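K.L.:
Submitted below is the structure of interest, expressed as structure tokens.
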Amino acid sequence: MEKATCQGTVVYYDGGCPVCQREITYYQTQKGAEQVQWVDAATCGENALGENLERDAALSRMHVRLPDGRLVSGAAAFVAMWQTMPRWAWLARLAGSGWRLQGLELAYRAFLKIRRLWRKPAP
């Protein structure tokens, strides 16, 4: 899937990060994932990123384009992705707002600091 023009949810992830790739591969097996467009920002063409998303930004943290075209990133992106999957929708409801979302964002930022150590260099 190369072009980010679907009507549904689009997940942009860093396929050059082994941990990120493993996690996304898991989510792709979940019920509801077939409704999501999965874009590996490490290998896709520029047009696959869509409007208002540069490759560096897409590689620096997970982004999700919502069906209405809005772009969210970080913890909010995980919540948006979980909302598409019945098995994970409960977590989206639980962590989707307020102090829980803020806490999830802080945890995600901490992960991003160590993630750099695992990322494979771009080809």
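K.L.:
State the number of residues belonging to the stretch 83-109 that are outside any helix (DSSP H, G or I) and modelled with pLDDT under 95.
P.N.:
Residues of the stretch 83-109 outside any helix (DSSP H, G or I): 84-88, 96-97.
From the residues that got through so far, the ones that are modelled with pLDDT under 95 too are 96-97.
Qualifying residue count, the stretch 83-109: 2.
K.L.:
What's the total number of residues in the stretch 7-23 that are surrounded by fewer than 20 Cβ atoms within 10 Å (Cβ to Cβ), without any contact (Cβ under 8 Å) to a residue 60 or more places away in the chain and not small (Gly, Ala, Ser)?
P.N.:
Number satisfying all stated conditions: 3.
K.L.:
Evaluate the stretch 96-105: report whether one residue or more is among the basic types (Lys, Arg) and farther than 21 Å from Glu51 by Cβ. Full working, then the answer.
P.N.:
First, the residues of the stretch 96-105 that are among the basic types (Lys, Arg): 100.
From what is left, the residues that are farther than 21 Å from Glu51 by Cβ are 100.
Yes, there is a match, as at least one residue in the stretch 96-105 is among the basic types (Lys, Arg) and farther than 21 Å from Glu51 by Cβ.
K.L.:
It is to be established whether one or more residues within the stretch 34-41 are in contact with a helix residue (DSSP H, G or I) (Cβ under 8 Å, 6 or more places away or on another chain) and assigned to a helix (DSSP H, G or I).
P.N.:
Checked the stretch 34-41: no residue is in contact with a helix residue (DSSP H, G or I) (Cβ under 8 Å, 6 or more places away or on another chain) and assigned to a helix (DSSP H, G or I).
K.L.:
Just give me the residues in the stretch 93-109 being of a type in the set (Phe, Trp, Tyr) and touching a residue at least 12 places away in the same chain (Cβ under 8 Å), in sequence order.
P.N.:
Let us first name the residues in the stretch 93-109 that are of a type in the set (Phe, Trp, Tyr), namely 99, 108.
Selection gives Tyr108 alone.
K.L.:
Could you tell me how many of the residues in the stretch 81-98 are under 17 Å from the mean Cα position of the chain (by Cα) and of a type in the set (Ser, Thr, Tyr)?
P.N.:
So the count comes out to 1.
K.L.:
Only residues in the stretch 69-92 that are more than 19 Å from Tyr108 (Cα to Cα) and touching a residue at least 12 places away in the same chain (Cβ under 8 Å) count as the first member; pair them with residues that are assigned to a strand (DSSP E or B) and hydrophobic (A, V, I, L, M, F, W, C), Cβ under 8 angstrom, at least 6 apart or cross-chain, and list the lot.
P.N.:
As it stands, the answer is none, since no pair meets every condition given.
K.L.:
Please find, among Val11, Val72, the residue that is among the hydrophobic types (A, V, I, L, M, F, W, C) and either in contact with a Phe, Trp or Tyr (Cβ under 7 Å, 6 or more places away or on another chain) or part of a helix (DSSP H, G or I) (or both). Even if it seems obvious, please write down each step before you answer.
P.N.:
Details: Val72 fails: either in contact with a Phe, Trp or Tyr (Cβ under 7 Å, 6 or more places away or on another chain) or part of a helix (DSSP H, G or I) (or both).
Val11 is the lone residue from the list that is among the hydrophobic types (A, V, I, L, M, F, W, C) and either in contact with a Phe, Trp or Tyr (Cβ under 7 Å, 6 or more places away or on another chain) or part of a helix (DSSP H, G or I) (or both).
K.L.:
Tell me yes or no: at least one residue of the stretch 58-66 is farther than 16 Å from Gly15 by Cβ, surrounded by fewer than 19 Cβ atoms within 10 Å (Cβ to Cβ) and touching a residue at least 60 places away in the same chain (Cβ under 8 Å).
P.N.:
Kept after step one, since they are farther than 16 Å from Gly15 by Cβ, are these residues of the stretch 58-66: 65-66.
With the extra rule that they be surrounded by fewer than 19 Cβ atoms within 10 Å (Cβ to Cβ), the set shrinks to 66.
Checking the rest, the ones that are also touching a residue at least 60 places away in the same chain (Cβ under 8 Å) come to none.
Checked against the condition, which is being farther than 16 Å from Gly15 by Cβ, surrounded by fewer than 19 Cβ atoms within 10 Å (Cβ to Cβ) and touching a residue at least 60 places away in the same chain (Cβ under 8 Å), the stretch 58-66 yields no hits at all.
Table: residues versus (1) at pLDDT 95 or above; (2) surrounded by 17 or more Cβ atoms within 10 Å (Cβ to Cβ).
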position: Thr29; (1), (2): yes, no
position: Gly32; (1), (2): yes, yes
position: Leu49; (1), (2): yes, yes
position: Ser73; (1), (2): yes, yes
position: Ala76; (1), (2): yes, yes
position: Met81; (1), (2): yes, yes
position: Phe111; (1), (2): no, no
position: Leu117; (1), (2): no, no
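The values are calculated or read from the model by the stated rules, or taken from the named source; none is laboratory data. Note that the structure is a prediction, hence the values are computed from the model and not measured. Quick reminder, even Gly has a Cβ in these numbers, built from the backbone with ideal geometry, and neighbours come from all protein chains shown.
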